[in-house]
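In what follows, a single structure is set out as structure tokens and then discussed.
The values are calculated or read from the model by the stated rules, or taken from the named source; none is laboratory data. Since the structure is predicted, the reported quantities are computational estimates derived from the model, not experimental observations. We place every Cβ from the backbone using ideal geometry, glycine too, and count neighbours over all the protein chains shown. Calculation scope for accessible area: heavy atoms of the full protein, side chains included, ligands and nucleic acids excluded. Shrake-Rupley method; radii C 1.70, N 1.55, O 1.52, S 1.80 Å.
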Amino acid sequence: MSDRRTFLSTAAAAGAALGVTPLAGAHVQEGGPVKVALVGCGGRGTGAAAQALRAEPNAVLVGVADPFQDKIDRCLKGLAVSDVADRVKVTPETAFLGLDGYKKLIAMQPDVMLLATPTYYRPEHLEACVDAGIHTFFEKPVAVDAPGVRRVLDTIQKAKETNVGLLGGLCWRYDTRMVDLVNRLQDGAIGDFVVLDSIRHSGYERTLPKRDEWSDTEWKLRSWYNLNWLSGDFIVEQFVHDVDMLCWAKGEYPKSCIATGGRINRVGEANGNIYDHFACVYSFEDGVNMHATTRQQPGTPNKYRNLVFGTKGSSDMMKFQITGENRYRNRDRNVTQMHQAEHDVFFEALRKGETPNDVEYMALSTLCGILGREAAYTGEEISWEQMLTSNKQYGPDTVSSMDQQLEVGPTPVPGKTRFA
């Protein structure tokens with residue numbers, strides 16, 4: 001069995017074999033204007049645009065793109081009443097409507113691109129930005145399947161070779177209290193890890209009934225969260241934060257996963273084909289297990305925790321707390337909100353002429369979520385290596401037209417759905 005911690009070097013070699021002609025990544029000059037563009041005008045994209053402008057006082061938002069006009073309008077309306085309104089320079093000519101809008105933004109050669117589309121699009125959009133030499137922020141997760149993850153890993157390596165800066169959206173990595181806590185855990189504050197535990201339970205739902213004025217294609221793209229080929233299912237789209245946090249603390253990714261899951265509340269056509277609950281047991285090489293359960297069922301109470309137990313104590317990561325031999329709690333509330341902090345760090349590095357690109361964990365944590373999903377979908381125990389090399393693809397090769405027929409597969413059934 002290959003060591004999962006050596007995979008990054010393998011991915012790097014694969015990227016180097018692409019024969020990429022080096023490009024000079026855009027240099028964000030000290031004091032000069034910084035052109036920013038946004039792909040994906042939903043709530044997260046709008047927030048990312050505002051955070052990027054706050055992070056860089058010389059930044060201007062020069063263009064946006066989205067398949068839907070109402071999302072473009074809502075985004076620009078929100079930014080127009082924000083504290084960065086004076087630096088929103090989007091015109092009707094640079095607000096691109098359609099699935100190819102990202103290509104039109106790339107043709108404008110912005111200094112920084114922000115990618116906040118549904119997950120399915122991430123590998124294609126990220127690759128296009130890096131090929132064009134544009135520094136890029138890309139939201140989590142990075143793909144809906146293993147082929148997409150491998151494509152992103154190759155793109156990350158290409159960005160290193162061509163001096164293109166990348167910032168990933170797993171924002172807990174930029175919370176200074178969490179960084180401090182993880183450093184203490186990795187330095188042995190609770191001794192050797194014994195077990196890790198994550199619970200993220202909520203009543204969240206995102207049902208989107210079809211409207212008469214929407215075509216079938218438009219409805220499916222608007223209801224992306226409920227389709228596993230567009231979102232990756234919610235264990236990947238949202239629970240990836242928690243999977244990433246615990247694997248970060250552990251310092252490695254698991255060797256295998258066994259899981260269960262299904263849908264009880266989330267039924268009917270409007271709810272697509274995703275599950276509403278997952279329960280996973282991830283196993284690491286040293287015998288340590290990570291128990292990870294998540295559900296989204298309306299009417300149920302919220303519960304959110306990430307715990308690590310060791311031979312000398314334990315840690316409640318969401319409270320930035322350690323109990324046992326080395327008691328500690330970080331109560332500092334005077335910290336920059338993590339979504340803002342990640343942009344602050346990114347733009348500061350770009351101003352110095354640096355090209356930050358420490359984002360492999362974005363792809364590997366996404367793969368970890370996909371591993372849990374596939375174990376639940378099939379009922380099989382699946383190894384990291386099996387998942388990494390899987391050729392199972394979700395969705396079409398590309399979505400290029402609002403008239404394209406977009407198939408929705410059946411909801412996976414353990415015992416009948418097989419791993420591929």
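Structural remarks
- Taking the centroid of alpha carbons for each part, the range 341-387 and the range 205-283 are 16 Å apart.
- Length added when fully stretched, ASP332-GLU93, from 0.36 nm per residue minus Cα-Cα: 81.5 nm
- Looking at the range 303-384, the accessible area is 43 square angstrom per residue; that uses a 1.4 Å probe and ignores ligands, DNA and RNA.
- Calculated FRET value between ASN183 and ARG74, using beta carbons and R₀ = 35 Å, to 0.05: 0.30
- Positive dipole terminus of the chain, leading residue within ALA341, GLN321, SER401 (C-beta point charges): GLN321
- For the chain, the Cβ-based charge dipole about the Cα centre amounts to some 820 debye (Lys, Arg positive; Asp, Glu negative; other atoms uncharged).
- Element breakdown for the range 311-420 at a 1.4 angstrom probe: carbon and sulfur atoms account for 44% of the accessible area.
- Among the listed pairs LYS71/LYS220; LYS250/LYS319; LYS210/LYS392, a Cα-Cα separation exceeding 22 Å is found for LYS210/LYS392.
- Annotation: peptides 247-260, 299-312, ranked by per-residue average of other Cβ atoms within 10 Å with the highest first, follow the order 247-260, 299-312.
- Qualifying GluC sites (Glu not before Pro) for the range 277-372 [loop in DSSP, other Cβ within 10 Å: at most 16]: GLU285, GLU325, GLU354
- With DNA, RNA and ligands ignored, accessible area of MET108 (1.4 Å probe; Å², nearest 10): 60
- Annotation note: trypsin sites (Lys or Arg not before Pro) in the range 52-144 located in DSSP loop regions with a Cβ neighbour count of at most 15 within 10 Å are LYS89.
- Split the accessible area of the range 209-265 by element, probe 1.4 Å, and carbon with sulfur accounts for 46%.
- Segments 367-378, 171-182, 139-150, 91-102 sorted - mean Cβ within 10 Å per residue, highest first: 367-378, 139-150, 171-182, 91-102
- Its Cα gyration tensor gives the range 336-420 an equivalent ellipsoid, and the semi-axes of that ellipsoid, as √(5λ) in whole Å with the largest first, are 35, 20, 12.
- The range 170-209 shape via C-alpha gyration tensor axes, a/c threshold 1.5: oblate
- When only the Cβ of Lys, Arg, Asp and Glu is charged (+1, +1, -1, -1), the dipole of the range 150-195 relative to its Cα centre reaches about 260 debye.
- Here the range 279-420 is treated with +1 on each Lys and Arg Cβ and -1 on each Asp and Glu Cβ, and its dipole about the Cα centre works out to around 820 debye.
- Residue ranges 125-135, 327-337 sort as 125-135, 327-337 when ordered by packing (mean number of other C-beta atoms within 10 Å per residue, highest first).
- Remark on the chain: CYS129, CYS171, CYS247, CYS257, CYS280, CYS368 stand apart, with no other cysteine beta carbon under 4.7 Å.
- If the convex hull is drawn through the Cα atoms of the chain, its volume per residue in Å³: 147
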